[in-house]
Structures are given as C-alpha cells and as structure tokens.
Amino acid sequence: MNGRKINVLHLLNSSLLGGTETMVATLINNSSAERYHHVYAFFGKRGEIAERLCSSGHKVISLSTKSMPGIFVQLYKILITEKIDVLYSYGLKAGLFARMVSIVNPHISVIQGQRSIDANRSSWEVFLDRVTSSLVDLYVPNCQAAADMLVKREKIPISKVKVIYNGLDI
C-alpha cells in the first residue's frame, strides 16, 4: 500500500453487544493506528459497541434501513469519502451489500467474515451466497468447522478460505 494507511470498512448487521461485534471492536481498538484507519458501519440502532468505538476515537456510521437503494448509496459514499481499500463484512445481509457495492468499486478488496456454521441457513440464503461468492476476495472463518461448511455447502473454493481463530483477551 506504498507506506500509507490501509483504510478498512467493517460492515456489520448491528452495533449492539454481541460476539462478532465485540470481536470486531477489539480488533479495531488493538490494531496499529499507524497502519490502519478503521470505519465501523452497521444497520439498525446505535448500541454499546458503537459508543465504545466512538469513545476510542473511531468513526462509526449507522446505515439507514429504510430502503435498499438508500443503503447502497450510503455505502458507496462511505467507500469514496473514506477512500476504503478493504471492505470486511460479517453476516449475510452485510455481505450481500458489500458484494453488490464492490461491483461499482472493483478496486476494493472484499473480505467476508464467517463466525458460525449457520446450521439453519435456508436454501435461498445458500443460493445467494454461492451466486455472489465470486465478488468476495477472501472468506475468513474463525474455526475449521465454518471453513469446512463454506467449502462443502457453499461451494467456496478452498483457495479463498483462510481460517483465523479468535484471540482471547484475559
């Protein structure tokens, strides 16, 4: 990246207190401020994670959930104004928006976090994941079971899957 900061947009379904949200906030707060500029965007109500990140000086953006085109436009504007290099999404809803906006921003790397095996995922959700998977540069599950599910059920090429286990703050 030529010595400049890497701009990362983390796109999540929520900023309420939850496992994925807490993990992302910990990642943002513990990463090098000299190397990375993080933006946290989410759908829905502003919650504890958003407040925690704001108090640490990070940019937090609530995306309007009134219309899909409106969310798409908001997301596109964030990518442009924040000069985003990496769009890291968590969850299917966030992931689908990330993939769609990457079509009009092909220079952005799209990473999809996978935090569970999603045992109750419908066939329709599996289909959406499969048909848009070519728009994802890398899938990052936090355990081998989730990686195996991505390869077997979602038909993601193993070359696009990299397991990174969650750390634990003690």
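Numerical summary
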| item | result |
| --- | --- |
| Among the candidates Asn120, Asn142, residue that is modelled with pLDDT under 95, on the phi < 0 side of the Ramachandran plot and open to solvent by 50 Å² or more (accessible area, probe 1.4 Å) | Asn120 |
| Candidate set from region 159-170 (those that are in contact (Cβ under 8 Å) with a residue 12 or more places away in the chain and outside any loop (DSSP other than H, G, I, E, B)); member that is surrounded by the fewest Cβ atoms within 10 Å (Cβ to Cβ) | Lys160 |
| Selection from region 48-98 of residues that are farther than 22 Å from Val136 by Cα and charged (D, E, K, R) | Glu48, Glu51, Arg52, Lys59, Lys66 |
| Leading residue by the ranking (farthest from Gly95 (Cα to Cα)) among those in region 116-141 that are part of a loop (DSSP other than H, G, I, E, B) and under 13 Å from the mean Cα position of the chain (by Cα) | Asp137 |
| Gly91, sole failed condition from (1) under 10 Å from the mean Cα position of the chain (by Cα); (2) open to solvent by less than 10 Å² (accessible area, probe 1.4 Å) | (2) |
| Candidates Gly47, Gly19, Gly3 - the one that is touching a helix residue (DSSP H, G or I) at 6+ places or on another chain (Cβ under 8 Å) and either touching a residue at least 24 places away in the same chain (Cβ under 8 Å) or not polar (S, T, N, Q) (or both) | Gly47 |
| Residues that are part of a loop (DSSP other than H, G, I, E, B) and either open to solvent by 50 Å² or more (accessible area, probe 1.4 Å) or of a type in the set (Asp, Glu) (or both), drawn from region 1-34 | Met1, Asn2, Gly3, Arg4, Lys5, Asn13, Leu16, Leu17, Ala33, Glu34 |
| Pairs where the first residue, in region 100-115, is part of a loop (DSSP other than H, G, I, E, B) and the second is open to solvent by 10 Å² or more (accessible area, probe 1.4 Å) and not small (Gly, Ala, Ser), C-beta under 6 Å, 6+ apart | Arg115/Thr20; Arg115/Asn142 |
| Hits in region 35-85 (condition: of a type in the set (D, E, K, R) and either in contact with a Ser or Thr (Cβ under 6 Å, 6 or more places away or on another chain) or open to solvent by less than 60 Å² (accessible area, probe 1.4 Å) (or both)) | Arg46, Glu82, Asp85 |
| Some residue of region 148-158 being modelled with pLDDT under 95 and either under 28 Å from Asn7 (Cα atoms) or outside any loop (DSSP other than H, G, I, E, B) (or both) | no |
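The values are calculated or read from the model by the stated rules, or taken from the named source; none is laboratory data. Bear in mind the structure is a predicted one, so any value in this text is a computation, not a measurement. Cβ sites come from the backbone with ideal geometry, for glycine too, and all protein chains shown count toward neighbours. In case anyone asks, the SASA skips ligands and DNA or RNA and just uses the protein heavy atoms, side chains included. Shrake-Rupley method; radii C 1.70, N 1.55, O 1.52, S 1.80 Å.
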